[in-house]
Amino acid sequence: MKAIHQLKDDRQLNFAEYSAKLLGKMLRENGIAQQADIITAVPMHRSKRRRRGYDQAQKLAHFTAAELGIKENYRLLGRTKDTAEQHTLTAAERKTHAEEIYFSLPDHADIKGKNILLFDDVYTTGSTLNVCSGLLKKMGAKNVFCAAIATTLLDEKHRE
């Protein structure tokens with residue numbers, strides 16, 4: 001988990017580059033890389049991206065796209081506001097929160113009938129990826145595959 005915190009807070013992009021190589025290998029072995037037409041990422045709010053200097057999920061997606069030679073498009077999804085960190089919320093709160101803050105952007109004509117590979121940095125309950133996947137499907141995506149570089153063990157609070 002230290003590497004994730006360094007990626008998020010200390011601008012340590014070498015972990016994202018290293019992870020992209022491993023993910024690229026796994027995605028090839030599972031046949032997902034061969035099916036994916038476009039790579040995108042769960043969006044970070046622009047104010048947080050400005051403060052941090054980058055969006056770590058987008059960086060991971062970018063390095064993986066370069067590794068696999070897949071087209072990138074980060075103008076598919078948006079985020080309405082900079083809100084509480086997801087890790088502070090229960091599972092039920094995460095779902096409601098995700099449904100309230102993510103939305104599709106109008107630049108989605110090129111995803112109709114395409115297979116999308118959606119990245120996030122950490123998978124906990126799946127709420128964020130489920131909501132964003134649903135938006136991409138409503139926009140016309142044929143399939144949405146999800147990837148993250150880490151997952152968390154859930155305590156009782158987050159299993160609700």
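At a glance:
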quantity	calculated
Members of the stretch 63-75 that are part of a helix (DSSP H, G or I) and either on the phi > 0 side of the Ramachandran plot or touching a helix residue (DSSP H, G or I) at 6+ places or on another chain (Cβ under 8 Å) (or both)	Phe63, Thr64, Ala66, Glu67, Leu68
Pairs with Cβ under 6 Å, 6+ apart, first in the stretch 138-154 and over 19 Å from Ala61 (Cα atoms), second open to solvent by 60 Å² or more (accessible area, probe 1.4 Å) and modelled with pLDDT under 95	Gly140/Lys112
Filter result for Ile111 (at pLDDT 85 or above and open to solvent by less than 20 Å² (accessible area, probe 1.4 Å))	yes
Of the criteria (1) open to solvent by 80 Å² or more (accessible area, probe 1.4 Å); (2) modelled with pLDDT of 95 or more, which one Asp9 fails	(2)
Selected residue (criterion: least open to solvent (accessible area, probe 1.4 Å)) from residues of the stretch 29-49 that are over 15 Å from Phe63 (Cα atoms), at pLDDT 85 or above and not in a loop (DSSP other than H, G, I, E, B)	Ile32
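Yes/no matrix, rows are residues, columns are (1) outside any helix (DSSP H, G or I); (2) modelled with pLDDT under 90:
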{"position": "Leu60", "(1), (2)": "no, no"}
{"position": "His87", "(1), (2)": "no, yes"}
{"position": "Asp107", "(1), (2)": "yes, yes"}
{"position": "Phe119", "(1), (2)": "yes, no"}
{"position": "Thr128", "(1), (2)": "no, no"}
{"position": "Leu136", "(1), (2)": "no, no"}
{"position": "Cys146", "(1), (2)": "yes, no"}
{"position": "Leu154", "(1), (2)": "yes, yes"}
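The values are calculated or read from the model by the stated rules, or taken from the named source; none is laboratory data. Note that this is a predicted model, so its numbers are computed, not measured. Note that each Cβ is placed from the backbone with ideal geometry, even for glycine, and that neighbours are counted across all protein chains shown. These accessible areas exclude ligands, DNA and RNA; they are computed on the full protein's heavy atoms, side chains included. Shrake-Rupley method; radii C 1.70, N 1.55, O 1.52, S 1.80 Å.
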